[in-house]
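The structure appears below as structure tokens.
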Amino acid sequence: MQRSHRQTVTFLQRRMAEVGIRPDARHGQNFLVDLNLLDVIVREADLQPNDVVLEVGTGMGSLTTLMAPKAGAVVTVELDANLHQLAAEELVEFTNVTMLRQDVLRNKNNIHDNVLQAVADKLAEIPDSRFKLAANLPYSIATPLISNLLHPPLVPSSMTVTIQKELADRITAVPSTKDYSALSIWVQSLCDATTLRVLPPGVFWPRPKVHSAIIQIVPREDKRARIVDLAYFHRFVRALFFHRRKFLRSVLVSATKGERTKSDIDDVLSAMGFGPDVRAEQLSVEQIMELAERVRTVGQASPDLLR
């Protein structure tokens, strides 16, 4: 029997009691204790011997022990020193698991260099390797982690993760809904995103106060190829939704002040057939992609726009 099948609530409580610790809410320590759902994550991630998997939030290694036999390598990151030590005892038999005790983020806009290097090293060791993210993510880092992993140099071929349902709703939202946001545009412009399961609080220990979801995000090269300047596009989308209820013209004039004239903005909006009362939240992903490129290139756009 694999070690992960021992990691029920009783097992977790006993192991933590042995070393005198409890789950730390500050670090989003909610352990997925429904073993069937752990199997769902692994199955949907479709791990193969040439896959290098990044897991963020090792916990006690419950998911790690299911992934390690299927993947070529697992790089797993845990911030909590006590959990890192307990997980190391559970994972000692797996020679293809690299454990890092640190924050996965260097700051809110960047993955930590140590993490990127560890993944890159494993990718270099495995022929025809692929990079995947599979994890029960701590709520507090889910948004910046997913967002930052869509920037080069290391973009995963898939992300299969548990996150707060509210975040899954934002990622998959459609125009003219309350959840439609810059994050919706950023992810959907580059990826296919699907909510696979909605998870009630009772499948975690301790129980969170909100529902969660298993979501799968699959970056697509054909979508990425349509965005000429990825960094510009990311800044543009964030600026567009900074005041989501304002009229589009007003937002664009403010965001491009000093770089575009009001006449430039009017020319772009006229060319796209947008009236004076349109708002960014009404536009489809396709329309926003076209709008960003038109604004970028009108009058020979400055590369410093929106920095």
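Odds and ends about this structure:
- Of the residues making up the range 115-141, just one is among the aliphatic types (A, V, I, L, M) and free of Cβ contacts under 8 Å to residues at least 12 places away in the same chain, namely Ala124.
- Boolean, Lys178 is more than 15 Å from the chain's Cα centre (by Cα) and free of Cβ contacts under 8 Å to residues at least 12 places away in the same chain: yes
- For the residues Ala301, Ala280, the requirement of being within 29 Å of the chain's Cα centre (by Cα) and either at pLDDT below 95 or closer than 19 Å to Val174 by Cβ (or both) singles out Ala280.
- When residues of the range 125-146 are limited to those that are among the β-branched types (Val, Ile, Thr) and in contact with a Leu (Cβ under 7 Å, 6 or more places away or on another chain), the one farthest from Arg170 (Cα to Cα): Ile141
- Residue in the range 100-114 that is in a helix (DSSP H, G or I), buried (at least 18 other Cβ atoms within 10 Å of the Cβ) and in contact (Cβ under 8 Å) with a residue 40 or more places away in the chain present: no
- Single residue of Ser189, Ser176, Ser157 found to be of a type in the set (Ser, Thr, Tyr) and under 24 Å from Ala71 (Cβ atoms): Ser157
- None of Gly202, Gly258, Gly273 is within 30 Å of Phe31 (Cβ to Cβ) and loosely packed, with under 14 Cβ neighbours inside 10 Å except Gly202.
- Meets criteria (basic (Lys, Arg) and out of contact with any strand residue (DSSP E or B) (no Cβ under 8 Å at 6 or more places or on another chain)) for Arg207: yes
- Scanning the range 153-175 for residues that are surrounded by fewer than 19 Cβ atoms within 10 Å (Cβ to Cβ), farther than 24 Å from Gln287 by Cα and touching a helix residue (DSSP H, G or I) at 6+ places or on another chain (Cβ under 9 Å) yields Pro153, Leu154, Val155.
- Selection status of Thr172, β-branched (Val, Ile, Thr) and without any contact (Cβ under 8 Å) to a residue 60 or more places away in the chain: yes
- Hits in the range 197-223 - residues which are under 26 Å from Val155 (Cα atoms) and either in contact with a Ser or Thr (Cβ under 8 Å, 6 or more places away or on another chain) or in contact (Cβ under 8 Å) with a residue 60 or more places away in the chain (or both): Arg197, Val198, Ser212, Ala213, Ile214, Ile215, Gln216, Ile217, Val218, Pro219, Lys223
- Going through (1) under 27 Å from Asn50 (Cβ atoms); (2) over 15 Å from the mean Cα position of the chain (by Cα) one by one, Ala142 falls short only on (2).
- Any hit, the range 182-191, residues being small (Gly, Ala, Ser) and farther than 19 Å from Glu290 by Cβ: no
- Pick from the range 61-99, criterion part of a loop (DSSP other than H, G, I, E, B) and surrounded by 24 or more Cβ atoms within 10 Å (Cβ to Cβ), ranking: modelled with the lowest pLDDT: Gly61
- Inside the range 242-252, residues that are at pLDDT 95 or above and surrounded by fewer than 20 Cβ atoms within 10 Å (Cβ to Cβ) make up a count of 3.
- Filter pass, Ala239 being exposed (fewer than 13 other Cβ atoms within 10 Å of the Cβ), among the aliphatic types (A, V, I, L, M) and outside the structural domain of Leu196 (by TED's automatic domain parsing): no
- Filter pass, Leu54 being surrounded by 24 or more Cβ atoms within 10 Å (Cβ to Cβ), in a helix (DSSP H, G or I) and either at negative phi or among the hydroxyl-bearing types (Ser, Thr, Tyr) (or both): no
- The lone exception for Thr194 - which of (1) farther than 29 Å from Gln282 by Cβ; (2) modelled with pLDDT of 95 or more it fails: (1)
The values are calculated or read from the model by the stated rules, or taken from the named source; none is laboratory data. All values derive from a computational prediction rather than experimental measurement. Ideal geometry is used to build each Cβ from the backbone, glycine not excepted, and the neighbour counts take in all protein chains shown.
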